[in-house]
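One structure is given here, and the rest of the page talks about it.
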Amino acid sequence: MTVRVRPLVPADLDDMEAMERALFGAGAWSRTSLAEELDGPGRWYVGAEDDAGRLVGYAGLWFDGWDAQVMTIGTRPDAQGRGVGRALLDALLGRARELRAGDVLLEVRVDNEPALRLYERAGFERFGRRRGYYQPENVDAWTMRLRLAGAAPVGGDHAGGGDAGGQPASV
């Protein structure tokens, strides 16, 4: 399968909402939450299309002027294991480098072995555990970090944050 990564737009919300429900069940973001994320300050969302132009995955990054946070990476169940997650992660990491983020941070369920393998192969390291992070299941999350070599963050000191410098995916 060939994957093309592109910015997400409001017209993608139906597909995103369906994937959220399939992937995260009771913990899925609502359509309203997804729409707010697409337009959120410092947010950057991309989708992955297959050869037929079908949205098979999506991912989001938030930048605070110092660090970047992977908000989500979701791949349709029938497209998992085909490089979609890696293409999305590569796009997020490329954006974090463009923004000159110091680190890229994320949380992942402790029992999500495919995601853990994806992130560890990309160079992320576990640095903490958040107890009961995923609700309503009360499942722990690993906090993970990737230090970006040669990063020189934009926008002031770490405590003060700064301009996100990115455009929302809906622009």
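The values are calculated or read from the model by the stated rules, or taken from the named source; none is laboratory data. Note that this is a predicted model, so its numbers are computed, not measured. Every residue, glycine among them, receives a Cβ derived from its backbone with ideal geometry; neighbour counts consider all protein chains shown.
Pick from 85, 81: which is touching a Leu at 6+ places or on another chain (Cβ under 6 Å) and closer than 21 Å to residue 22 by Cβ?
85
So which residues in segment 124-136 are surrounded by 14 or more Cβ atoms within 10 Å (Cβ to Cβ) and more than 15 Å from the chain's Cα centre (by Cα), if there are any at all?
Scanning segment 124-136 gives 126, 133, 134.
Suppose the filter is touching a residue at least 24 places away in the same chain (Cβ under 8 Å), part of a helix (DSSP H, G or I) and out of contact with any helix residue (DSSP H, G or I) (no Cβ under 8 Å at 6 or more places or on another chain); does residue 15 pass it?
When the stated conditions are applied, residue 15 passes them.
Considering every residue within segment 50-59, establish whether at least one is within 23 Å of residue 125 (Cα to Cα), under 13 Å from the mean Cα position of the chain (by Cα) and not in a helix (DSSP H, G or I).
Scanning segment 50-59, I find at least one residue that is within 23 Å of residue 125 (Cα to Cα), under 13 Å from the mean Cα position of the chain (by Cα) and not in a helix (DSSP H, G or I), so the answer is yes.
Between residues in segment 76-98 that are closer than 16 Å to residue 119 by Cβ and residues that are at pLDDT below 95 and polar (S, T, N, Q), which pairs lie under 8 Å by C-beta distance while being six or more apart or on different chains?
Close Cβ pairs satisfying both conditions: 84/75; 85/75; 88/75.
I need the full set of residues from segment 66-84 which are of a type outside the set (Asp, Glu), more than 18 Å from residue 28 (Cβ to Cβ) and surrounded by fewer than 22 Cβ atoms within 10 Å (Cβ to Cβ), in order please.
66, 69, 81, 82, 83, listed by residue number.
Scan segment 86-109 for residues that are assigned to a helix (DSSP H, G or I) and over 10 Å from the mean Cα position of the chain (by Cα) and jot them down.
86, 87, 90, 94, 95, 96, 97, 98
Looking at segment 22-32, which of the residues that are surrounded by 12 or more Cβ atoms within 10 Å (Cβ to Cβ) and not hydrophobic (A, V, I, L, M, F, W, C) is modelled with the lowest pLDDT?
In this case the residue turns out to be 27.
Given the options 68, 52, 101, 96, name the one that is under 19 Å from residue 1 (Cα atoms) and not acidic (Asp, Glu).
52
Any chance you could count how many residues in segment 37-63 are crowded, with 19+ Cβ neighbours inside 10 Å, among the aliphatic types (A, V, I, L, M) and out of contact with any helix residue (DSSP H, G or I) (no Cβ under 6 Å at 6 or more places or on another chain)?
1
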